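*Asks:* After the structure tokens below, expect a handful of questions from me.
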Amino acid sequence: MPAAALSPLPPSPVDRLVRPWVVFLLCLLAGFAVYGPALGGSFVWDDFYLVRENPFFRSPVFGWEVFRHYLFFDSFSTYYRPVQNWSYMLDYWIWRGSPFGYHCTNIVIHSLSGFLLFLLLRRLLPGLVPKAADGGRARFDLAALLVALVWVVHPIHNAAVAYISGRADSLAALFALSAWLLVLRAMDSGVVVWKKAALGSLAGVALLIGLCSKEIALIWLVLLLVHLFAFDREQPWRVKWTVLGGALAVFACYAVLHALPDYRAPMQDGPSAPWDARVLLMFRALGDYTGLIFLPTQLYMERSISNSAIYSTVAAWRDHSRYEYLSILGLLAALGAIAGCWKKGSGRSWRLFGAVWFMLAFLPISNLFPLNAEVAEHWIYLASIGFLIFLAGVVLALPARGRVVAAWVAVAAIAGLGMRTAIRSGDWIDGETFCARTIADGGATPRILSSLASIYGQRGDLKRQEKVLRRTIAQFPEFPPARMNLGICLSRQRRTSEAEALLGATTHAQADQVARQYPRTWPAAVQLAQLRRDAGHVDEALATIREARGRFPETWELVKAEGELLRGSVGPAAAIPIVQAFAATHWWHYDAQSTLGALRFAAGEPDAAITALRAASALDIYDGRALAGVAEIENQRGRSDVALNAQLEAMDRDPDQPKHYAELASILEKLGRQNAAHAARRKAQLLTLEAQRGSQILTSLPLAP
């Protein structure tokens, strides 16, 4: 036989396309292409807490402390996600708080998860097909690629990618997929024992990080074990039991970590729905998710699939008939899955595996168990993979020509879904756009309306804020925060009598009940206290704040408000004990430590003030205010050389601040460096002018309709 006949065939276009480095680039490019519009976005909704108010990510000193707290400090939720805070810590270090950086990280994490999904599926899918039916590895790799790309660009994942606070799902996926791949590599034949141990240990660490990213990683762990015990026919039982033992050990470590935060009382809500209602909600949720996967047109947060008045009248039933269609669609989806799993022939194992994957990931979000919402787009992040695997199994049962057509349909779907994702990504450009488009698509829930009103209030557009709040009260009369926020809005408009009527309308018992249902209603007490202080009734203002502190003992803003009242009426020394007590039990709270420092200095205790300000400076690597305070104190004490070092350190952390240059000029004058002081003062003036010009440009921009 000629030598040329023995030479290997050149790689086909599909072989070239499914090379790992090519797929890596495809996933990364696809991720940035479809989510690019979000890169210019600002902080939206929960972002204002997680990457603005959140005290646990602005310094490396919180590396361990985040494991001792739930994700939301001022909330009833018990989300245990310390690794999410780790990721924000890294972002803050790299990007100095720029929203662009946070969005960029979200896209990278999601794209990498898509690449790892491809690697996992190209390992798993061939093993689910009988050897006799094996038609070559290329088609399995192509199926893995198409599933991964559809998953990367699908618009239903917008809330997990374009939304900074939604990255927990993709973080959990990234580390869980890494763990699964490491386990598969460790089980490969030919791997020496020490490498198996090393790979297994790395898999355990990756899985633990995934679990600490989001609780959904538990489902990833269950999926790994289900595949190993129910679908993998090659691994011996000894290996399977070893993997199970390692998984249990990792779960035990996670349970220990999860027990570190203090007990948190759950939100007091009404009784759980009966089981028949839960089953109905399950089918509606399944119908809604199925519809969004195939036709992702109306995408918005805070989705609802029920209404208590739906069966009160025939007219009400007609108005909410969409819910009944969702129930039917969900039932049809379930029957279709059963039929697909029942049908024998090519692709059945894929369909079974995909259906099991979807079922395990869907059950926790199915409404069979209590949830804080009925449907949320980002909840389907993991389950959608199983849905796509099932569809791949359906395609595998088609004849050869049908599979080719299906592949091109998938390519067209990737393009179409990608364009829809890019459009949807624009919804996250700013808070007002997000709320307005959500409301326009039918998501006018109390929280969304309140969020929009808050945006108007922060912007000083009090009339529009009032209008939205009154609409909220009219549509949702049983939502107390809207009345409280309206009271605050009216107070800012100096409509004092109307404001007091709303802010002080609830009895003590009613206020306690509201506090047990809504965690952030304390601003009403702060505003009411301010009204009473402005009226000259300081004692009443203090009583209002202290009563609120009894309901919200961990809320710093109430402690600070009481401290300001005491400082203004009695003196700074009177405010020190309550601020010091809070700072002692909340060492990690920047504002508490810096406020304590300011009070100490005002009370004539400069050494104690410097100690508190130094403690505060360790809590934020880019905030120079505390160090600037140290510099001011040292300069007034005549230690200008020490003050200069502190001021330069503050400016290094937080450059281009006019106040820093003004204080630097004062220090340099005392050191006799007049020319340098003049230059610093000139720099402060220039920065002030630049800030004023920027403010004028912003205020001249047209408001969104």
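*Asks:* Only loop residues by DSSP count here, and only those with at most 13 other Cβ atoms within 10 Å; note down the chymotrypsin sites (Phe, Trp or Tyr not before Pro) in region 44-77 that meet that.
*Replies:* Answer by residue number: 64.
*Asks:* With Rg/Rh (Cα atoms, Kirkwood Rh) defined as stated, name the option among (i) 1.18; (ii) 1.02; (iii) 1.07 computed from the structure displayed.
*Replies:* Computed from the coordinates, Rg/Rh (Cα atoms, Kirkwood Rh) corresponds to (ii).
*Asks:* For labels at residue 278 and residue 517 in the simple 7 Å Cα→Cβ model, what's the distance in nm?
*Replies:* With each label point 7 Å from Cα toward Cβ, the separation is 2.2 nm.
*Asks:* For the chain, report the accessible area per residue in Å² (1.4 Å probe, heavy atoms, rounded to an integer).
*Replies:* 47
*Asks:* Could you tell me what percent of the accessible area of region 27-158 is made up of carbon and sulfur, with a 1.4 Å probe and every protein chain present?
*Replies:* The value for region 27-158 is 67 percent carbon and sulfur by accessible area.
*Asks:* Provide the per-residue ³J(HN,Hα) series for region 548-557, in order, calculated from phi with Karplus coefficients 6.51, -1.76, 1.60 and θ = phi - 60°, each as a whole number of Hz, with x at glycine and proline positions.
*Replies:* Karplus values, whole Hz, x for Gly and Pro: 5, 5, x, 8, 10, x, 9, 8, 5, 4.
*Asks:* Counting only protein heavy atoms and using a 1.4 Å probe, what share of the accessible area of region 180-270 belongs to carbon plus sulfur, as a whole percent?
*Replies:* Answer for region 180-270: carbon and sulfur cover 70 percent of the accessible area.
*Asks:* Separate question: Using label points projected 7 Å from each Cα along Cα→Cβ, tell me how many nm separate residue 79 and residue 262, to one decimal.
*Replies:* 2.2
*Asks:* Next up: Order of 674-682, 168-176 by packing, highest average Cβ count within 10 Å first?
*Replies:* 168-176, 674-682
*Asks:* Please identify every one of the trypsin sites (Lys or Arg not before Pro) in region 317-379 that sits in a loop by DSSP and has no more than 10 other beta carbons within 10 Å of its own beta carbon.
*Replies:* Sites meeting the loop and neighbour criteria: 344.
*Asks:* Multiply the residue separation of residue 255 and residue 234 by 0.36 nm, subtract the distance between their alpha-carbon atoms, and state the gained length in nm to one decimal.
*Replies:* Here the segment from residue 255 to residue 234 would lengthen by 4.4 nm.
*Asks:* Another question, then. In whole Hz, what ³J(HN,Hα) sequence does region 93-101 give by Karplus (6.51, -1.76, 1.60; θ = phi - 60°), x for Gly and Pro?
*Replies:* Result, rounded to whole Hz: 5, 7, 9, 6, x, 6, x, 4, x.
*Asks:* Report the residues of region 576-599 in range of a label on residue 538: point 7 Å along Cα→C-beta, backbone N strictly under 15 Å from it.
*Replies:* 576
*Asks:* Still on this model: If we sort 518-525, 590-597 on the protection proxy, mean other Cβ atoms within 10 Å, highest first, what's the order?
*Replies:* By packing density, highest mean first, the sequence is 590-597, 518-525.
*Asks:* Tally up the carbon and sulfur contribution to the accessible surface of region 424-560 as a whole percent, 1.4 Å probe, everything protein left in place.
*Replies:* Its accessible area is 50 percent carbon and sulfur atoms.
*Asks:* While we're looking at this one, here's another question. Sum -39500 (n - 2.57) across every DSSP H segment of at least 4 residues in the chain, then divide by the residue count to get the 222 nm mean residue ellipticity, nearest 500.
*Replies:* Estimated from H runs of four or more residues: -22000 deg cm²/dmol.
The values are calculated or read from the model by the stated rules, or taken from the named source; none is laboratory data. Since we're looking at a predicted model, the values are computed, not measured. Every residue, glycine as well, gets a Cβ built from its backbone with ideal geometry; the counts of neighbours run over all protein chains shown. Surface accessibility is based on the protein's heavy atoms, side chains included, excluding ligands, DNA and RNA. Shrake-Rupley method; radii C 1.70, N 1.55, O 1.52, S 1.80 Å.
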